[in-house]
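Notes for the one structure printed next.
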């Protein structure tokens, strides 16, 4: 009772308890007034007021302790109710200290994990996915993440609760520092929800486009009476294949199909790595060349219209990479499957003529033309830039070639132009000068590269809206997206071959000078390794055209004679080569006494292919703080997909990439990639 006397009512309860006493004052005042009206009535009213006051005071002082005891009892029972509610809460609930050690758990947590209130180890010992770094650090911090436990999915919510005020009121604990916290953890079971989400995603419709890459070429290789039979067999093979995965194939044109399937079917096809690419090649009724297909699939775009746009981008990318592959576009993420065969050379030059006329129209509409290739310029990039320079000069346009730091491979060619009075002094400009020149009235022509980050001066791509891309490398996910004209043909041997064809259709009376023809011829010769690799009918036709324009084989050969240091470096690279996994030659090219180690490295990679048993060669060299890898193959291994896995690209038998770090680290990454891709069946 003494303790209760120390406790006073407050708030609305205090007002409720005291209002009868305040009403007594009003009655006393009324009693005084009544004496002035009638004394007898005042006396009787005084007696009544006295009785009322006695009763009110008696009830107040006698009931107050009882009410206080009942309030305290209710508060205690209310706390027990709260504790019981937390104890029986269906959601697993945990109280922890700031280090993540368990202080108290409820029944649901015990049923889930088997840990009782006596278990006071770290929460990490129960859930390995909940680490110290994931726990909140202060009261404002609240962490939410997802874990998997006993094959069930949980959403974890962790909050920090400040207990400074509680410790201040405690008579048993003394607060030494401010900012003491405990942590409460909730586990929300989302297994069933995630299962429904997965089922919904599995049933989502996925649309794609399927093209026959070489329909015309295959049909021309067989007798006319068999062509309809071949087309029917190919379509039957594809229909049977996709029907096994609950997919539907409908023909749009003679060589184009619409593909519709469920998302679950797409995942199954990914597991099989789209083996339809190989199955369709088995259809043969006497045709000299196998049928190849390309598939473009778009999904997870949020709408069917956007998915169809993704599918169109994916099929364009598949065809731009040479066909015989599947490209899947999921937002900004792109996956590739297949692409292990050489691109089929097109015999028709219609596209070259159309592109030549389009390029001419763009040049006529602009005041000046700026041409640039890729960083660390090689003979193909330089020669194709010279070809575009000649085309623009034919139209009397001010033309410049961006060349930041020429290496030894192009310096002999470049000196011929610098020492000639027939060419302007500002024919070659650096990146700073290019930024000063390029504006909205400038046409920028990019040759021998389609990745913006690989260009000589990426900044100028954002300074004009008129950009033309001419390249023979397979496209990757990083492309120059705002080009008004993109002529990318992976079957071409070199960019110089493509430019030589364009010059033939560009304008009447285009006069190519001898030194310009030499540059174009040199680009073809270097990229084909003296016409030994990736050459087709059109390659020799382009070379014949350049020969008629004055290209001299002997003069070009003299230009590319090596000095003794380069020759010695090449020999050292070859002699130090190691054979990895019995079929890959890996070596390191010295860079300390070589002017252009990347060029020497690519030449050494070509030479290593002459070793019996070598399916692919990889030469690494350090240059300007980066590790450059030159990859070469003949026909058994697709080095392009290997280099793409490492962030690079190129062709089926000629590719490369750039890595940061040390030489030993680059070798380790290369070997790990080769091992991984062999185990996956990619190579």
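Stretching the chain fully between residue 671 and residue 245 yields a gain of 149.8 nm (0.36 nm per residue, less the alpha carbon separation). Counting neighbouring beta carbons within 10 Å and listing from fewest to most, the residues 110, 282 come out as 282, 110. Take every Cα pair under 8 Å whose residues are at least 6 apart in sequence, average their separation, divide by the length of the chain, and the relative contact order is 7 percent.
Highest mean first, the peptides 269-280, 320-331, 370-381 sorted by other C-beta atoms within 10 Å per residue fall in the order 370-381, 320-331, 269-280. In this label model, residue 85 and residue 581 are separated by 6.2 nm, measuring between points 7 Å along each Cα→Cβ vector. Taking other Cβ atoms within 10 Å as a rough exposure proxy, 152, 236, 262 sort from fewest to most as 236, 152, 262. Looking at the range 565-623, the DSSP beta bridges with both ends there are about 35 percent antiparallel. Distance between the C-alpha centres of the range 547-618 and the range 224-270: 45 Å, rounded to the whole angstrom. Once Rg/Rh (Cα atoms, Kirkwood Rh) is calculated for the structure shown, the corresponding label among (i) 1.27; (ii) 1.14; (iii) 0.94 turns out to be (i). One decimal place: the segment residue 226-residue 353 gains 42.5 nm when fully extended, by the rule 0.36 nm per residue minus the C-alpha distance. Computed from label points 7 Å out along Cα-Cβ, the spacing between residue 182 and residue 465 is 6.5 nm. Secondary structure note: in the chain, about 70% of the DSSP beta bridges are antiparallel. Kirkwood Rh over Cα pairs of the range 204-338 into Stokes-Einstein at 4 °C, 1.567 mPa s: D in µm²/s? Calculated translational D: 87 µm²/s.
May I ask for the angle, rounded to the nearest 10°, between helix 11-37 and the longest principal axis of the chain, with both axes built from Cα atoms and the value confined to 0 to 90°? Value to nearest ten degrees: 40. Extension gain, residue 36-residue 144: 0.36 nm per intervening residue step, less the Cα-Cα distance, totals 31.1 nm.
Computed from Cα positions, the angle between helix 224-243 and the longest principal axis of the chain comes to roughly 20 degrees. Peptides 353-366, 608-621 ranked from most to least packed by the mean count of surrounding Cβ atoms within 10 Å: 608-621, 353-366. For the range 385-414, list residues with backbone N below 12 Å from a point placed 7 Å from the Cα of residue 430 toward its Cβ? Answer for the range 385-414: 403-406. Please list, in order, the residues from the range 481-516 whose amide nitrogen is less than 18 Å from a point placed 7 Å along the Cα→Cβ vector of residue 364. Answer for the range 481-516: 485, 502-511. Residue order for 162, 657, fewest other beta carbons within 10 angstrom first, comes to 162, 657. With a Förster radius of 25 Å applied to the C-beta separation of residue 59 and residue 25, the computed FRET efficiency comes to 0.90. Would you compute, from DSSP H runs of 4+ residues alone, the mean residue ellipticity of the chain at 222 nm, taking -39500 (n - 2.57) per run and dividing by the full residue count, rounded to the nearest 500? After summing the helix terms and dividing by the residues of the chain, the value is -14000 deg cm²/dmol. With a cut-off of 14 Å, note down the residues of the range 360-388 whose backbone N falls inside the zone around a label point 7 Å from the Cα of residue 422 toward its beta carbon. It comes to 387, nothing else.
Over what distance in Å are the Cα centres of the range 626-683 and the range 387-428 separated? One Cα centre to the other: 34 Å. Sorting the segments 199-205, 211-217, 52-58, 241-247 by their mean number of nearby beta carbons within 10 angstrom, highest to lowest, gives 211-217, 241-247, 52-58, 199-205. Compared with the dominant Cα axis of the chain, that is its longest principal axis, helix 514-527 is turned about 60°. DSSP beta bridges confined to the range 569-680 are antiparallel in about 75 percent of cases.
Taken together, the values in this text are just the output of simple stated rules run on the coordinates, not laboratory data. On a predicted model such as this, the values are computed, not experimentally measured, just so you know. Cβ atoms come from the backbone with ideal geometry, glycine included; neighbour counts cover every protein chain shown.
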